[in-house]
1. Could you identify the single residue in V47, V23 that is of a type in the set (V, I, T), at pLDDT 90 or above and over 25 Å from A6 (Cα atoms)?
2. Please work out if A51 is surrounded by 14 or more Cβ atoms within 10 Å (Cβ to Cβ), within 14 Å of W70 (Cβ to Cβ) and within 13 Å of the chain's Cα centre (by Cα).
3. Can you tell me which residue among R20, R35, R43, R27 is over 12 Å from the mean Cα position of the chain (by Cα), within 18 Å of V72 (Cα to Cα) and open to solvent by 50 Å² or more (accessible area, probe 1.4 Å)?
4. Which ones in the stretch 54-85 are of a type in the set (F, W, Y) and either without any contact (Cβ under 8 Å) to a residue 24 or more places away in the chain or open to solvent by less than 40 Å² (accessible area, probe 1.4 Å) (or both)?
5. If we keep just the residues of the stretch 1-17 that are more than 15 Å from the chain's Cα centre (by Cα) and open to solvent by less than 90 Å² (accessible area, probe 1.4 Å), which is modelled with the lowest pLDDT?
6. List, please: which pairs have Cβ atoms under 7 Å, are six or more places apart or on different chains, and start with a residue in the stretch 17-29 that is on the phi < 0 side of the Ramachandran plot and end with one that is assigned to a helix (DSSP H, G or I) and open to solvent by 60 Å² or more (accessible area, probe 1.4 Å)?
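The values are calculated or read from the model by the stated rules, or taken from the named source; none is laboratory data. Computed from a predicted structure; not experimentally measured. Note that each Cβ is placed from the backbone with ideal geometry, even for glycine, and that neighbours are counted across all protein chains shown. With ligands, DNA and RNA removed, areas are computed over all heavy atoms of the protein, side chains included. Shrake-Rupley method; radii C 1.70, N 1.55, O 1.52, S 1.80 Å.
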Amino acid sequence: MAVGSAVLGVAIVIALLVVRAAVHELRAPGSGARRWAFLRDARACAVGAFAGLVLGAVGWASTGPASIPWAVLAGLLVAGLAARP
């Protein structure tokens, strides 16, 4: 049951990020594409994947499979931070 609640928590956080991006898109058209452009940056995706794998391995060792959705979310956020401007 812990994995289900972890997935639900991550889904809520992702939904909040998407709504935030949509609100910014309404205020400034074209900002949504710039906000998600990091997904096309190979270096940022590699850094995010590495961070997600490391956090997933550490989380799996300490709490089990419930940490995997949070590690994926952390990898996504790290990729967004590592993207080139």
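1. Being of a type in the set (V, I, T), at pLDDT 90 or above and over 25 Å from A6 (Cα atoms) holds for just one of V47, V23, which is V23.
2. Against the criterion (surrounded by 14 or more Cβ atoms within 10 Å (Cβ to Cβ), within 14 Å of W70 (Cβ to Cβ) and within 13 Å of the chain's Cα centre (by Cα)), A51 qualifies.
3. Within the list R20, R35, R43, R27, the selection yields R43.
4. W60, the sole residue that qualifies.
5. A2
6. Once the first residue is on the phi < 0 side of the Ramachandran plot and sits in the stretch 17-29, its partners that are assigned to a helix (DSSP H, G or I) and open to solvent by 60 Å² or more (accessible area, probe 1.4 Å) give A21/R35; H24/R35.
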